[in-house]
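Take a look at the structure set out below.
The values are calculated or read from the model by the stated rules, or taken from the named source; none is laboratory data. The shown structure was predicted, so the numbers you read here are calculated from the model rather than taken from an experiment. No Cβ is skipped: glycine too gets one built from the backbone with ideal geometry, and neighbour counts run over all protein chains shown.
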Amino acid sequence: MLTDITIGQFFPGTSLLHRMDARVKVILLFFLIIAIFVFDTPGDYALMCALTLGLGLASHVPLGTLMKSIKPLWWILGFTFLIHLCTVPGETITTVWIFTLTKEGFMRGFFLCLRLVLLILLSSLLTFTTSPLALTDALEALMRPLRVIGVPAHELAMMMTIALRFIPTLIEETDKIMKAQQSRGVDFETGSILKRISSMVPILVPLFISAFRRADELAMAMEARCYRGGDGRTQMKVLRVTRVDYAGILFIAVFFALQAALKIVGI
Amino acid sequence: MSIELKNVTYTYMPKTAFERTALAGVNLTLAEGKLTAIAGHTGSGKSTLVQHLNGLLHPTSGVVTVDGIDISKKTKEAIDARHSVGMVFQYPEHQLFEETVEKDVAFGPKNMGLADDEIKKRVKDALDFVKIDYETYKGRSPFQMSGGQMRRVAIAGVLAMKPKYLVLDEPTAGLDPRGRDDLMARIVSLKREKKMTIIIVSHNMDDIARIADEVVFMHDGNVLLDAPPKEAFFSDDAIAAAGLLPPHTVSLLKMMKDSGLDVDTDAFTVDEAVRRIAKAMKRREKSC
């Protein structure tokens with residue numbers, strides 16, 4: 001049933017990647033993503049793949065689980081590859097109907113897909129090794145300088161935290177209401193599309209009512225505990241940059257230096 | 001006929017890191033015409049158990065039969081058997097959704113495909129039974145009613161389907177004492193007047209003591225004890241193992257006996273307990 005779903009893909013652990021500060025991880029990921037687009041020779045890709053694999057191993061997340069994060073993007077990947085294969089001009093491999101498949105197209109499609117896969121894997125590594133709450137804290141910390149131009153960093157982070165907190169609750173609620181209505185003879189599985197849509201009404205109405213009630217109760221509870229926004233608010237879990245983080249930063253810096261050196265030497 | 005569970009096991013999220021066995025080989029017979037109470041602390045598997053009774057959950061292994069029909073099948077017979085088990089969830093008022101009380105109570109019967117005049121009759125009967133005045137409330141929105149009234153409307157919505165078996169999960173949770181007494185009295189009269197078989201989940205042992213014909217204690221996905229009340233409430237070991245407390249009446253009699261009053265401790269309803277105490281007091285006066 002619905003309750004069998006897990007939300008977010010945080011994989012609890014104590015690996016080096018888990019112990020790193022979430023802010024540092026976000027920033028390093030940002031630089032790595034830029035690097036994927038800046039360094040684009042086959043040699044660079046090989047290095048990048050090796051790095052991703054290394055990080056994957058270091059995270060102690062099963063590689064199979066990690067690879068599964070690509071699954072939702074299969075279609076996009078396949079489509080990108082095909083488009084490039086058929087539209088890039090160059091040395092013809094073979095012709096299918098009105099499409100000419102070229103060697104250049106194959107290469108370009110392949111590397112573009114590789115880029116996307118690396119991008120997904122690296123970002124997944126972040127979400128696999130960082131709890132959603134640490135992630136929102138990190139985003140809040142990183143957005144804080146933007147407060148000068150009026151970005152409500154704390155409020156945005158609080159909204160994200162609350163939303164994350166309530167996903168499982170609402171799923172549970174939906175499951176309960178669905179079961180109650182099923183017991184009253186609603187059939188969610190068969191019938192025409194129109195019928196199936198109309199059978200959602202008995203779920204959505206109670207769900208909205210309970211969501212509003214919960215929101216109201218939460219607002220009241222927060223107010224009762226004197227919540228008044230972000231100014232001067234301290235955190236229970238303070239983010240700290242530790243030795244692991246400096247080591248991580250140093251490692252990635254060396255990696256970039258290596259890539260840059262290779263680029264200048266021209267391999 | 002009866003509802004029977006044979007060796008029922010249920011596992012949530014099988015083959016993941018979150019795998020959890022909620023029922024571990026439960027064997028249970030819920031006899032027709034009886035009021036069976038299922039008690040157990042939070043997480044003992046009682047809610048999972050009752051969801052098997054009308055096929056909302058299918059056992060990972062084992063069989064659930066209603067009147068001898070395996071309800072995990074997809075045949076017409078099995079579907080009818082599932083429909084013969086009405087289910088009132090915890091906080092049933094959270095399932096209300098229609099614009100008027102009448103429409104909401106009619107929702108179940110309508111899904112059963114009954115004729116309009118039959119539906120109307122059933123709605124009226126069901127609302128009468130839960131003591132909600134049909135003429136006054138039929139056109140009102142259920143969301144304008146009080147919590148207790150909403151719950152009664154929701155229960156009427158299930159009663160209107162005229163189930164042969166009725167399962168109630170914590171029906172009195174969150175009601176005030178008067179509301180609780182009223183609802184309990186209604187449930188008993190469902191059994192007496194409508195000859196319904198009732199299964200009630202509760203951890204309020206005082207409520208159970210008042211109405212149950214048969215008591216089932218659950219713990220860690222197992223049935224610890226399945227016995228009539230006069231046996232169940234005096235099985236101290238089973239009660240303790242299930243993480244429950246005996247009804248106050250039973251504890252009271254025991255305490256009186258321990259502090260020296262020569263009282264018979266074999267009662268669990270309030271009336272009987274009062275009689276036992278009165279008898280003991282008289283005996284003491286005489287001997288003085």
**OP:** Report, by residue number, each residue of region B:121-131 that is among the basic types (Lys, Arg), surrounded by fewer than 20 Cβ atoms within 10 Å (Cβ to Cβ) and part of a helix (DSSP H, G or I).
**Re:** B:Lys121, B:Lys124
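Name the residue that is farthest from the other protein chains (Cβ to nearest Cβ), counting only residues in region B:32-45 that are more than 17 Å from B:Ala232 (Cα to Cα) and out of contact with any His (no Cβ under 6 Å at 6 or more places or on another chain).
Here the residue is B:Gly33.
Evaluate the following for B:Val8: is it within 21 Å of the chain's Cα centre (by Cα) and either in a strand (DSSP E or B) or within 14 Å of chain A (Cβ to nearest Cβ) (or both)? Break it down into steps so the answer makes sense when it comes.
Working: within 21 Å of the chain's Cα centre (by Cα): yes; either in a strand (DSSP E or B) or within 14 Å of chain A (Cβ to nearest Cβ) (or both): yes.
Spelling it out, B:Val8 is indeed within 21 Å of the chain's Cα centre (by Cα) and either in a strand (DSSP E or B) or within 14 Å of chain A (Cβ to nearest Cβ) (or both).
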Subject >> Selection count, region A:180-210, where residues are part of a loop (DSSP other than H, G, I, E, B), within 8 Å of chain B (Cβ to nearest Cβ) and either at positive phi or within 31 Å of the chain's Cα centre (by Cα) (or both) >> reply: 1
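This table checks each residue for (1) touching a Cys at 6+ places or on another chain (Cβ under 7 Å); (2) farther than 30 Å from A:Ile209 by Cβ; (3) not β-branched (Val, Ile, Thr).
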position	(1), (2), (3)
B:Ser47	no, no, yes
B:Gly55	no, no, yes
B:Ile71	no, yes, no
B:Ala81	no, yes, yes
B:Glu93	no, no, yes
**OP:** Tell me the helices (runs of 4 or more DSSP H) entirely within region A:1-115 that contain at least 3 residues that are surrounded by 14 or more Cβ atoms within 10 Å (Cβ to Cβ) and not β-branched (Val, Ile, Thr).
**Re:** A:16-19, A:22-38, A:42-58, A:74-87
**OP:** For residues that are more than 8 Å from chain A (Cβ to nearest Cβ) and among the aliphatic types (A, V, I, L, M), scanning just region B:89-120, find the one that is surrounded by the most Cβ atoms within 10 Å (Cβ to Cβ).
**Re:** B:Val105
Original post:
Among the residues of region A:141-156, which ones are free of Cβ contacts under 8 Å to residues at least 40 places away in the same chain and either in a helix (DSSP H, G or I) or basic (Lys, Arg) (or both)?
Top reply: A:Met143, A:Arg144, A:Pro145, A:Leu146, A:Arg147, A:Val148, A:Ile149, A:Leu156
Original post:
Condition test on B:Lys162, is it at positive phi and more than 14 Å from every other protein chain (Cβ to nearest Cβ)?
Top reply: no
Original post:
Taking A:Leu170, is it hydrophobic (A, V, I, L, M, F, W, C), within 14 Å of chain B (Cβ to nearest Cβ) and either surrounded by 14 or more Cβ atoms within 10 Å (Cβ to Cβ) or in contact (Cβ under 8 Å) with a residue 24 or more places away in the chain (or both)?
Top reply: yes
**OP:** Return only the number of the condition from (1) at pLDDT 90 or above; (2) at negative phi that B:Asp176 does not satisfy.
**Re:** (1)
Original post:
Restricting the search to region B:51-83, which residues are outside any loop (DSSP other than H, G, I, E, B), more than 18 Å from A:Ser183 (Cβ to Cβ) and within 14 Å of chain A (Cβ to nearest Cβ)?
Top reply: B:Lys76
